[in-house]
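Okay, so here's the structure we're looking at.
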Amino acid sequence: MKLSKNIIYYGKDEQLAENIEIKSGPLNLIYEAGDLRYIKFNEIEIVRRVYVAVRDHNWNTVTPTISNVQINTRKNSFEITYNVENIQDDINFVWKAKIVGNSNGSISFKMDGEALSTFWRNRIGFCILLPMNCAETKAQINHVDGRIEQSIFPKYIAPQLIIEGRPSPVEPFSNMRALTLNMSPDLIVELNFDGDNFEMEDQRNWTDASFKIYSTPLRYPSPVEIKTGKKISQTFSLKLKKQSPILKSSQAENEINFTIERNKLISLPKIGLDESSHDYQLDQQEIKRLKALNLSHQRINLHLSDPGYKAKLYRLCEDANKLNLKLETALFLSKNAEEELIEFTKLLEEIKPPIETWLIFHEEEITTSKKWILLSKKYLNKYDNNIKIGSGTNVFFTDLNRSVTSTEIMDFVSYSINPQVHAFDNLSLIESLEAQGKTLESAKKLSKNIPIAVTPITFKMRFNPNANTLKEELKNDQLPSQVDVRQMSLFGAGWTLGSLKYLCENSPQSLTYYETTGWRGVMETMHGSPVSKMFYSLKGGVFPMYHVFADVGEFAYGKIISTISSNPLKINGLALYKENKMRVIIANLNYDTQNIIINNLSSSIYIRYLDENNFDQAIQSPEIFRTQKLQKRFTVDGNLKLELLPFGLACIDDFD
């Protein structure tokens, strides 16, 4: 089957939403599918995104259908109107939008909505995302009761504490009707909110690269029943209170600089994959291809209350021995933990599995209590007291961040990452990459600098820990909620590369990604996609991200070199060093061809591309793709000009 370019790019045969550049006086911004994005004064980003969200009783986002879009733009102003339907299951909510940008730099966004059915919701209203670089910014808060308070945005990720059973905002950013930001000595911006009570959370907790201001405080009971005919209206507005007349307006960047900081080297962490969620055995070709990745470990998940875990351990130990891998072993205990551990240690003596580390979790806890860690150490150390024991949470960093971590009894701390708790589009996923590194910075502070294992890193949530009800059974033409079509695409490879960059540069102990095989892994099984009309994978083929892991794996036990992109939302990558050889892997994360200048290379390099032109060979015949002769290129004063096709990647080898 011949795949379309869009499927190769990002897994769907659909066009991405158009980005329309507009101006409001000295402000530059983008209109995209009902949202405002990247409101900037010169190169200072003021607001990352403004949108209206409808969240159901399980915190799932109800997809909007937009119609009757009218866009009127002038040189320094605009007016946009459109209609929206949010329809899903029993939810039927409609609303009208009016967005106005004036020549003086003021912007207003008004929504007027009505419920056409009775349903339960957790939130309806504006979400205003402030960029991550607002950290340590001074602010003035105007509260709804008339109080005025001065504060500062947190440097490290602020915990979302649970108070009296309800999540709390970042204080004192609550009960707000206005927020004034001192973005720089020459730029002061006022944000106003009307129609509800607004507060702020630190979305870096979930690797969103933003601070989110939202309506309907989380301390209020939820979900709430919305009756047919209920009207909801809100307004968000922005105005400049102080601006420098000297600053120039933003201009498009024709070339993106990617700089290698050769003097900043950090040891590469151990990198592995999670076990597959399907029941197929690894075949010889899959074993050969997985071994070629030079992985450190495979994660396995054992629920000791499940009678089938013993057979599972036998099978996964057999796979691990064939792959020459150690096991990162996650143990899930129940209320009968001691009996389970006694039985388990007997099994360990019988099988002698190649354990690298233990992860201790409890089936009824989000973060693991001290008593379960101590109990596990008591029995596991009898088997082998040299195996490191860690814990933390099997879900989000936010759960680790709000808990009291018993670091004194652990060898390392763990948490997982996925970028799709709040936003799901390509741009938002790209934005999340830098925030992954911020979780490590905060985790180190939280855990008093003991080692950190990020495990696993996935595109989508493996399960929803906040759901109020179980999801209905899937139809034959539906993908499971854990599966993302971008897994098999060039975008998936580029996103993986960015994740490796930001996490590796912040010195974790280990990283565990995705799964070994299947539509949540790095390659498809010989059985193919269970829903081939929606997940377009090749039976027995690899996914483009396979080559990212292979390229990095060839530098296992080497170093990662710090790199800087002048536009990381379009171009990003990493640099590796081992035995006098440097490798640079770079990705175009954008739908447009990008021109790049890579700095600080040697006089000549060798390059291999992975893009739409050789996609078929790369996934069908990865061994041939990887053994082809690389193209030799010469640099000019150590600088290489490069053109990368949409969502394409380049692997550059530089020999000293």
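Does N92 count as within 27 Å of T216 (Cα to Cα), polar (S, T, N, Q) and in a strand (DSSP E or B)? Please lay out each step first, then the result.
Working: within 27 Å of T216 (Cα to Cα): yes; polar (S, T, N, Q): yes; in a strand (DSSP E or B): yes.
In short, yes.
Quick one: in segment 213-233, of everything that is within 28 Å of M132 (Cα to Cα) and of a type in the set (A, V, I, L, M, F, W, C), which residue is surrounded by the fewest Cβ atoms within 10 Å (Cβ to Cβ)?
Among those that are within 28 Å of M132 (Cα to Cα) and of a type in the set (A, V, I, L, M, F, W, C), it is L218.
For the list (1) in contact with a Gly (Cβ under 7 Å, 6 or more places away or on another chain); (2) open to solvent by less than 30 Å² (accessible area, probe 1.4 Å); (3) over 20 Å from D208 (Cβ atoms); (4) of a type outside the set (A, V, I, L, M), I need the number of the one condition that D411 fails.
(2)
Look at I585 and say whether it is touching a residue at least 12 places away in the same chain (Cβ under 8 Å), among the β-branched types (V, I, T), outside any strand (DSSP E or B) and open to solvent by less than 30 Å² (accessible area, probe 1.4 Å). Before you say what the answer is, go through the steps one by one.
Working: touching a residue at least 12 places away in the same chain (Cβ under 8 Å): yes; among the β-branched types (V, I, T): yes; outside any strand (DSSP E or B): no; open to solvent by less than 30 Å² (accessible area, probe 1.4 Å): yes.
The answer is no for I585.
In contact with a helix residue (DSSP H, G or I) (Cβ under 9 Å, 6 or more places away or on another chain), open to solvent by less than 70 Å² (accessible area, probe 1.4 Å) and of a type in the set (S, T, Y) - does that describe any residue in segment 349-367?
Here is the first cut: in segment 349-367, the ones in contact with a helix residue (DSSP H, G or I) (Cβ under 9 Å, 6 or more places away or on another chain) are 349, 351-355, 358, 360-362, 365-367.
Narrowing further to those that are open to solvent by less than 70 Å² (accessible area, probe 1.4 Å): 351, 353-355, 358, 360-362, 365, 367.
Subset that is of a type in the set (S, T, Y): 367.
There is at least one residue in segment 349-367 that is in contact with a helix residue (DSSP H, G or I) (Cβ under 9 Å, 6 or more places away or on another chain), open to solvent by less than 70 Å² (accessible area, probe 1.4 Å) and of a type in the set (S, T, Y).
Could you tell me which numbered condition K23 fails, if it satisfies all but one of (1) surrounded by 20 or more Cβ atoms within 10 Å (Cβ to Cβ); (2) in contact with a Lys or Arg (Cβ under 8 Å, 6 or more places away or on another chain); (3) closer than 27 Å to N567 by Cβ?
Failing condition for K23: (1).
In segment 163-184, is there at least one residue being among the small types (G, A, S), under 28 Å from K444 (Cβ atoms) and within 22 Å of the chain's Cα centre (by Cα)?
Taking every residue of segment 163-184 in turn, none turns out to be among the small types (G, A, S), under 28 Å from K444 (Cβ atoms) and within 22 Å of the chain's Cα centre (by Cα).
Criterion first (farther than 30 Å from G540 by Cα, of a type in the set (S, T, Y) and assigned to a loop (DSSP other than H, G, I, E, B)) does S305 satisfy it? First the steps, then the outcome.
Details: farther than 30 Å from G540 by Cα: yes; of a type in the set (S, T, Y): yes; assigned to a loop (DSSP other than H, G, I, E, B): yes.
So S305 passes the test.
Take the residues in segment 40-57 that are touching a Ser or Thr at 6+ places or on another chain (Cβ under 8 Å) and open to solvent by less than 20 Å² (accessible area, probe 1.4 Å); name whichever of them is farthest from F78 (Cα to Cα). It would help to see each step written out before you state the result.
Residues of segment 40-57 touching a Ser or Thr at 6+ places or on another chain (Cβ under 8 Å): 40, 42-44, 48-49, 53-55, 57.
Cutting the leftovers down to open to solvent by less than 20 Å² (accessible area, probe 1.4 Å) gives us 53-55.
Working: A53: 23, V54: 26, R55: 29 Å.
It comes out as R55.
Counting just the residues of segment 234-283 that are within 30 Å of T593 (Cα to Cα) and either in contact with a helix residue (DSSP H, G or I) (Cβ under 7 Å, 6 or more places away or on another chain) or open to solvent by 80 Å² or more (accessible area, probe 1.4 Å) (or both), which one comes out modelled with the lowest pLDDT?
Once the filter is applied, the top-ranked residue is Q251.
Would you pick out the residues in segment 391-415 that are touching a strand residue (DSSP E or B) at 6+ places or on another chain (Cβ under 8 Å), closer than 23 Å to R204 by Cα and not polar (S, T, N, Q)?
G392, V395, F396, F397, D399, L400, R402, F412, V413, Y415
The values are calculated or read from the model by the stated rules, or taken from the named source; none is laboratory data. Since we're looking at a predicted model, the values are computed, not measured. Cβ sites come from the backbone with ideal geometry, for glycine too, and all protein chains shown count toward neighbours. All accessible areas refer to the heavy atoms of the entire protein, side chains included, with ligands and DNA or RNA removed. Shrake-Rupley method; radii C 1.70, N 1.55, O 1.52, S 1.80 Å.
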